[in-house]
Amino acid sequence: MSMPTLQERLSLAISIAEEAGELIRQARSDQSFSQRLKADDELVTDVDVAVDELIRQRLNAHFPGEAHLSEELSPERALDADTSQLWVVDPIDGTVNFAQGLRHVAVSIGWMEDGIAKIGVVHAPFLQETFSAAEGLGAYCNQKSIAASNVATLGETLVGTGFPYQKEARQQLMPRLGAVLAKCRDVRRNGAAALDLCDVACGRLGAYYETVSPWDFVAGWVIAREAGASVGHLSTVPEGVPADLYPKELLVTAPGVYEAMRQLLLDAEQS
Ligand code: IPD
Ligand code: CA
Ligand code: CA
């Protein structure tokens, strides 16, 4: 059997994400789910696990033998995963939003080849938006081409970010948040990292920074990059870990403000 093209992979990933989104919408309308806390105060519902299983089955059927990294079924050894052909899946990004009846919820499916993230699909079932991109093929929302904004100053830059579940880890993020509030247009905390990245990709946000996990960002990172956003890290990526999988200290911005945002956040840490 011949290897599927990137376009074929992308089309299948979009249909799998949309099927998963239907399961999420159904579960909300039936209110048929229970919730519990995992380790470290992280919320998880039955739906997170069921959606992860559905996506796993579909990917296995279409791409047998390819590896998976997913939040609920196989989160282990994330940073030394074999990235020769790797699917990176967050079945529900925005679980707290999902459980609270808010709409910033997404299915995130990324695919990497030889350490490079090449496909990203982020489907938001309650917003009826499907963001998608493949390496060299551009970025889209509901099949319309999207691009990062042309903001050029911090004063015009609306910034997305997020905070970890562990409350002790939040305090150290305050200097950066304070600097952003002092210099940028304002801050949004929408509760789904994958959608924050897509909002930079389509110009609704000028910048996004956060430390997350691989499944939160790989798909949105491809979409932002293909939309012309600047993508990078505020700290050094450890040797041997692909930058496209390394989830710490992400900075993704409209190209005109990357350097200024980087400097602002790094200086804030020192003060
Ligand atoms: C979370 C969301 C949130 C981010 C957290 C993530 P989850 O993912 O992306 O925006 O701030 O760090 O853990 O738990 O809803 O899949
Ligand atoms: Ca997530
Ligand atoms: Ca999740």
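The values are calculated or read from the model by the stated rules, or taken from the named source; none is laboratory data. Fair warning: this is a prediction, and the values are worked out from it, not measured in the lab. No Cβ is skipped: glycine too gets one built from the backbone with ideal geometry, and neighbour counts run over all protein chains shown. These accessible areas exclude ligands, DNA and RNA; they are computed on the full protein's heavy atoms, side chains included. Shrake-Rupley method; radii C 1.70, N 1.55, O 1.52, S 1.80 Å.
Annotation for the stretch 80-116 versus the stretch 199-271: alpha-carbon center distance of 16 Å. Simple spin-label estimate for Ala182 and Ala169 gives 2.6 nm between the two label positions (7 Å along the Cα-to-Cβ direction from each Cα). Across the stretch 6-145 the C-alpha pair distances fall into 10 Å bins from zero in the proportions 12, 44, 34, 10, 0 percent. The apolar share of the surface of the stretch 6-145, taken as the fraction of accessible area on carbon and sulfur atoms (1.4 Å probe, ligands and nucleic acids excluded), comes to 46 percent. One chain, two ends: Glu239 and Ala39. Fully extended at 0.36 nm per residue, the span grows by 69.2 nm beyond their Cα-Cα distance. Only helices enter this figure: runs of n ≥ 4 DSSP H residues, each worth -39500 (n - 2.57), summed and divided by the residues of the chain, yield -11000 deg cm²/dmol at 222 nm to the nearest 500. Rounded to the nearest whole angstrom, the semi-axes of the ellipsoid equivalent to the stretch 154-270, taken from the Cα gyration tensor as √(5λ), stand at 19, 17, 14, largest first. Convex hull of alpha carbon positions in the chain: directionally averaged projected area 13.6 nm². Applying 1/(1 + (r/R0)^6) with R0 = 30 Å to the Cβ-Cβ distance of Met3 and Gln128 gives a FRET efficiency near 0.40.
Applying a DSSP loop filter and a limit of 13 other Cβ atoms within 10 Å to the GluC sites (Glu not before Pro) in the stretch 59-140 leaves Glu76.
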